[in-house]
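Participant: Supplied in structure tokens, the structure appears directly below.
The values are calculated or read from the model by the stated rules, or taken from the named source; none is laboratory data. Small disclaimer: the values here were computed from a predicted structure and weren't measured. So basically every Cβ, Gly included, is an ideal-geometry build from the backbone, and we count neighbours across all protein chains shown. Quick note on the areas: whole protein, heavy atoms, side chains included, nothing else; ligands and nucleic acids left out. Shrake-Rupley method; radii C 1.70, N 1.55, O 1.52, S 1.80 Å.
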Amino acid sequence: MSSLKADFDELRERIRHGRELGHASFEPIYYLVFPPEQILEVKRQTPAWVAKFHQEGWNVHMFSIAEQIWALLKDDPFMWSLCVTEDKAAPLNWPRTNKALADILTADSGLLKRLEDALQPLEGQQNALLLVTDLEALHPFLRIGAIESQLQGKFHVPTIFLYPGVRTGKTRLKFLGFYPEDGNYRSVHVGG
């Protein structure tokens with residue numbers, strides 16, 4: 001098994017050399033795949049990785065899935081009060097709660113829109129890089145592959161997803177190590 005340091009170094013090298021034109025895509029999308037048990041270590045390493053990118057001349061922009069989920073809930077007082085009211089009515093009905101939260105995240109102004117809004121102003125910036133963190137916060141609502149596929153054609157700067165999961169082939173990943181493997185990614189995978 002490779003180390004996080006070695007995987008991060010390989011990721012930096014791949015970004016430096018750009019994506020190869022292939023059958024799947026030409027967009028600069030990269031996944032740093034790591035075992036779910038290393039989530040905390042990745043969080044500890046992230047500031048050092050950002051600093052390393054800055055030293056190499058990248059202008060790093062952060063996009064935290066966890067922060068965006070929280071913001072989506074806070075920014076809509078009606079939905080927030082509805083969620084709280086429904087939770088009080090049936091606090092142990094987790095399938096209904098998860099479905100309600102997934103609906104909020106996948107709505108027109110949900111997570112997809114927020115990621116698109118983060119990518120749009122970076123287009124044309126020579127040294128911009130978007131680092132997407134906290135993907136584990138998507139569980140049990142959705143997987144990042146569903147969002148990535150809907151944003152096809154919108155990735156104009158290197159975009160790195162810190163992906164807790166298992167790589168099962170060149171393009172197949174198992175989110176958090178227990179979801180069914182998914183081969184719908186159009187990205188370069190490092191680690192895992």
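Participant: Within the range 125-154, take every residue that is in a loop (DSSP other than H, G, I, E, B) and more than 13 Å from the chain's Cα centre (by Cα) and give me the one that is modelled with the lowest pLDDT.
Facilitator: Here is the first cut: in the range 125-154, the residues in a loop (DSSP other than H, G, I, E, B) are 125-127, 134, 139-143, 151-154.
Imposing the further condition that a residue be more than 13 Å from the chain's Cα centre (by Cα) reduces the set to 125-127, 140-141, 152-154.
Numbers: 125: 90, 126: 87, 127: 92, 140: 85, 141: 79, 152: 84, 153: 84, 154: 88.
Here the answer is 141.
Participant: Sticking with this structure for a sec: I'd like the residue in the range 120-147 that is in contact with a Ser or Thr (Cβ under 7 Å, 6 or more places away or on another chain) and surrounded by 18 or more Cβ atoms within 10 Å (Cβ to Cβ) and, out of all such residues, is farthest from residue 95 (Cα to Cα).
Facilitator: At the first step, the residues of the range 120-147 found to be in contact with a Ser or Thr (Cβ under 7 Å, 6 or more places away or on another chain) are 130, 132-134, 142.
Still in the running and surrounded by 18 or more Cβ atoms within 10 Å (Cβ to Cβ): 130, 132-134.
Numbers: 130: 33, 132: 27, 133: 25, 134: 22 Å.
My answer is 130.
Participant: Return the total of residues in the range 66-95 being among the charged types (D, E, K, R), free of Cβ contacts under 8 Å to residues at least 12 places away in the same chain and under 22 Å from residue 135 (Cα atoms).
Facilitator: Of the residues in that region, 2 qualify.
Participant: Being open to solvent by 50 Å² or more (accessible area, probe 1.4 Å) and among the polar types (S, T, N, Q) is the filter here, so list the residues in the range 39-50 that pass it. Full working, then the answer.
Facilitator: Going through the range 39-50, the residues open to solvent by 50 Å² or more (accessible area, probe 1.4 Å) turn out to be 40-41, 43-45, 47-48.
Scanning the range 39-50 gives a single hit, 45.
Participant: In this structure, does residue 167 turn out to be more than 25 Å from residue 75 (Cα to Cα), among the basic types (Lys, Arg) and open to solvent by 60 Å² or more (accessible area, probe 1.4 Å)? Give the steps one after another, and end with the answer.
Facilitator: On the way: more than 25 Å from residue 75 (Cα to Cα): yes; among the basic types (Lys, Arg): yes; open to solvent by 60 Å² or more (accessible area, probe 1.4 Å): yes.
For residue 167, the condition - more than 25 Å from residue 75 (Cα to Cα), among the basic types (Lys, Arg) and open to solvent by 60 Å² or more (accessible area, probe 1.4 Å) - is met.
Participant: Just to check your reading of the model, which residue among 63, 53 is open to solvent by less than 60 Å² (accessible area, probe 1.4 Å), touching a residue at least 12 places away in the same chain (Cβ under 8 Å), of a type in the set (Phe, Trp, Tyr) and over 27 Å from residue 182 (Cβ atoms)? Before you say what the answer is, go through the steps one by one.
Facilitator: On the way: 63 fails: over 27 Å from residue 182 (Cβ atoms).
Going through 63, 53 in turn, the sole match is 53.
Participant: Something else: So which helices (runs of 4 or more DSSP H) stay within the range 1-108 end to end and still have 2 or more residues that are in contact with a Gly (Cβ under 9 Å, 6 or more places away or on another chain) and modelled with pLDDT of 90 or more?
Facilitator: Per the criteria, 4-17.
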